[in-house]
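Working notes, structure below.
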Amino acid sequence: MTQPVSPPRDEIPKLSPQVEPSPWRAVVARADVRTLSLLGVLAALILIGGITKPDEFLDTRNLQLVLTQASVIGVVTVGMTFVIISGGIDLSVGAIVALASVWATTVATQDYGFAGIFFTAVIVGVGCGLVNGVLIAYGTMVPFIATLAMLASARGLALQITDGNTQVVTVDGILDLGERDSYVLGVPPLVMVFAVVTIIGWLVLNRTTFGRRTVAVGGNAEAARLAGIDVRRQRLYLYLLSGLCCGIAAFLLIILSGSGQNTNGNLYELDAIAAAIIGGTLLTGGRGTIVGSVLGVLIFTTITNIFALNNLQSDVQQIAKGAIIVAAVLVQRRTASTT
């Protein structure tokens, strides 16, 4: 009886292992496409500004002004991004900036100098964030309602403190930071603070347990709770973070304007939300990037600067800004759908 002959070892066909694509690679790929599309929009705006007003727009002083103006709303947007990723919303950021700026520039506060102004602005911001967080996380209030109430209250308190007047800053240390002599290698101090806040925000969101918990809560709060995450405490921390960013932004605005006014931070909430959404942050929560939000801020600030240089009326500016926002989102989504 003949024995079956086995084929030589080197002739046995080798089956290549089936490697399933990692879901994280798809997420990274989509993020890269979104970032590239936003960079493309920003580059197009810079090109438009350079063509329409080449001498004014490309001037070093004007570019420094654009970055400086983006710094204040940019810091607010970093905090807003965390809140939206968690599935929340904060409509009170502009009012908190106003309240922190006027409280920090009262005559009594200015007697304590630079440190007193900075400390007061941060404490007021964090305090307002604490109230929002407690009402939303432990009072089970809808974020929209809780922060809307804070918006009205903070605006009213800011008006009461100032009595409608502008509070001029007389502390030399604050005023000096707004001068060109304080620039480091041509970079304004406000821009450096914005860069530091952005880097810290990116690290916290992408490299820490806090960031992963934020995404988990925004993706599915009940699943996050079952996984052992204290959802209420996480939400409290997120509104504290948003308040902290508002306090820092208020301090930057004091440096920029040299005063405190109850009208400061007007419509900051809308600009911050729009910048975050254009940057790829989902309003429903569970997804977002700090880099995208920062690029959204730069796009908005560049648009405003181009309109101002071309002497467009305010109504035309609003219409054109809305159209550009829609176009940017459509381009971003179309690009993302091809990946």
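The values are calculated or read from the model by the stated rules, or taken from the named source; none is laboratory data. Quick caveat: nothing in here was measured; it's all calculated off a predicted structure. Virtual Cβ from ideal backbone geometry, glycine too; neighbours counted across all protein chains shown. Surface areas here come from the heavy atoms of the whole protein model, side chains and all, with no ligands, DNA or RNA. Shrake-Rupley method; radii C 1.70, N 1.55, O 1.52, S 1.80 Å.
Average the reciprocal distances over every distinct pair of alpha-carbons in region 64-162, invert the result, and give the Kirkwood radius in Å.
Every distinct Cα pair counted, the radius reaches 14.3 Å.
Suppose all protein chains stay in the model; what accessible area per residue would a 1.4 Å probe give for the chain, in Å²?
In whole numbers, the chain has 52 Å² accessible per residue.
Leu130 versus Glu222, label points 7 Å from Cα toward the beta carbon: distance in nm?
In this crude spin-label approximation the distance works out to 3.4 nm.
How tilted is helix 143-162 with respect to the longest principal axis of the chain? Cα atoms for both, answer in degrees (0 to 90, nearest 10).
20 degrees
Which angle between 0 and 90 degrees, to the nearest 10, do you get for helix 113-133 versus the longest principal axis of the chain when only C-alpha atoms count?
Approximately 60 degrees, to the nearest 10.
Using heavy-atom solvent-accessible surface (probe 1.4 Å) with all chains present, what is the largest-first order of Thr35, Thr109?
Thr35, Thr109
Provide the gained length on full extension for the span Thr263 to Val107, in nm with one decimal, where the gain is 0.36 nm per separating residue minus the Cα-Cα distance.
Once the chain is fully extended between Thr263 and Val107, it gains 54.3 nm.
What is the calculated FRET efficiency for Phe119 to Arg233, with r their C-beta to C-beta distance and R₀ = 30 Å, to the nearest 0.05?
It comes to 0.75.
What ³J(HN,Hα) values, in whole Hz, does the Karplus curve 6.51 cos²θ - 1.76 cosθ + 1.60 give for region 277-289 when θ = phi - 60°, with x put for Gly and Pro?
Each residue of region 277-289 in turn: 5, 4, x, x, 7, 7, 5, 7, x, x, 7, x, 9 Hz.
Taking 41 Å as R0, compute the FRET efficiency from the Cβ-Cβ separation of Val187 and Thr208 and round it to 0.05.
0.90
Considering only C-alpha atoms, what is the centroid distance from region 183-223 to region 151-180, in Å?
Result: 27 Å between the Cα centres.
Note the angle between two axes, namely the Cα long axis of helix 93-103 and the longest principal axis of the Cα atoms of the chain, as a number of degrees from 0 to 90, rounded to the nearest 10.
Helix 93-103 sits at roughly 40 degrees to that axis.
Could you point to the label whose value was computed as log10 I(q)/I(0) by the Debye sum over Cα atoms at q = 0.07 Å⁻¹ for the structure here, given [x] -0.30; [y] -0.34; [z] -0.41?
The listed entry that was calculated here is [y].
Go ahead and set up a Gaussian network model of the chain, Cα springs under 10 Å, then flag whichever of Gly178, Gly247, Gly113 fluctuates most.
Result for the chain, Cα springs under 10 Å: Gly113 fluctuates most.
Tell me, what is a quarter of the convex hull surface for the C-alpha atoms of region 107-190, in nm² with one decimal? Let's see the in-between values first.
Numbers: hull surface 30.2 nm².
The directionally averaged projection comes out at 7.5 nm².
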